[in-house]
Amino acid sequence: MKIDIGQHGAYQILKIEEDLNVISDLSELRFLINGYLHQGKRHIAISFTGASYIYSGALAVLIDIFKQVKEKDGELCILEPHPEILSIFHALHLDQFLPIYTSIEKLPMLGDQG
């Protein structure tokens with residue numbers, strides 16, 4: 001999986017760049033996020049723009065990552081989701097606790113602290 005890494009304010013942006021139709025494994029993403037948490041970077045946005053489906057195992061990893069970030073008083077959010085991914089999140093009510101932003105400009109500006 002190719003992940004483009006960037007930053008916007010306090011947020012670390014992790015954009016899944018590969019032209020994936022299906023997200024089945026997020027272990028690489030978990031590894032990156034654990035590294036950020038070790039560095040004290042607690043605001044993380046994940047972009048799944050190119051994917052239109054996410055398997056239940058990947059959703060379980062995403063929820064686990066969300067809990068890890070929350071325990072560190074951080075925020076994990078979804079950025080610019082594909083409409084199909086968004087409908088899955090809505091159907092499973094993940095959007096009730098996992099913030100979803102339709103564009104990078106809608107991320108809260110928290111300054112440059114981690």
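Rule-based calculations on the coordinates, nothing more; no lab input. These numbers come from a predicted model, not from an experiment. Neighbour counts run over all protein chains shown; Cβ positions are idealised from the backbone, glycine included.
Charged neighbours of R42, selected by a Cβ distance under 11 Å, balance to 0 (K, R count +1; D, E count -1).
Would you work out which of L32, I54, I3 lies farthest towards the positive end of the dipole of the chain, given +1 charges on the beta-carbon of Lys and Arg and -1 on that of Asp and Glu, about the Cα centre? Of the options given, the answer is L32.
In deg cm²/dmol and to the nearest 500, what is the mean residue ellipticity at 222 nm of the chain if only DSSP H runs of at least 4 residues count, each as -39500 (n - 2.57), divided by the residue total?
Taking each H run of at least 4 residues, the total per residue is -10000 deg cm²/dmol.
Measuring spread by the Cα atoms of the chain yields a radius of gyration and Dmax of 12.8, 34 Å. Under the criterion of Cα pairs below 8 Å and six or more residues apart, the relative contact order for region 3-105 equals 26 percent.
Per-peptide packing, taken as the mean over residues of other Cβ atoms within 10 Å, places 57-70, 75-88 in the sequence 75-88, 57-70 from highest down.
Using the structure shown, list the pairs from K15/K41; K15/K106; K2/K72; K41/K70 with a Cα-Cα distance above 18 Å, or answer none.
Listed pairs above 18 Å: K2/K72.
Once the Cβ-Cβ distance of M109 and S27 is raised to the sixth power relative to R0 = 35 Å, the FRET efficiency obtained is 0.65. Between Q39 and I63, the modelled label-to-label distance comes to 2.9 nm, taking each label 7 Å out from Cα in the direction of the beta carbon.
Extension gain for I3-D95 works out to 30.8 nm (0.36 nm per residue, less the C-alpha to C-alpha distance).
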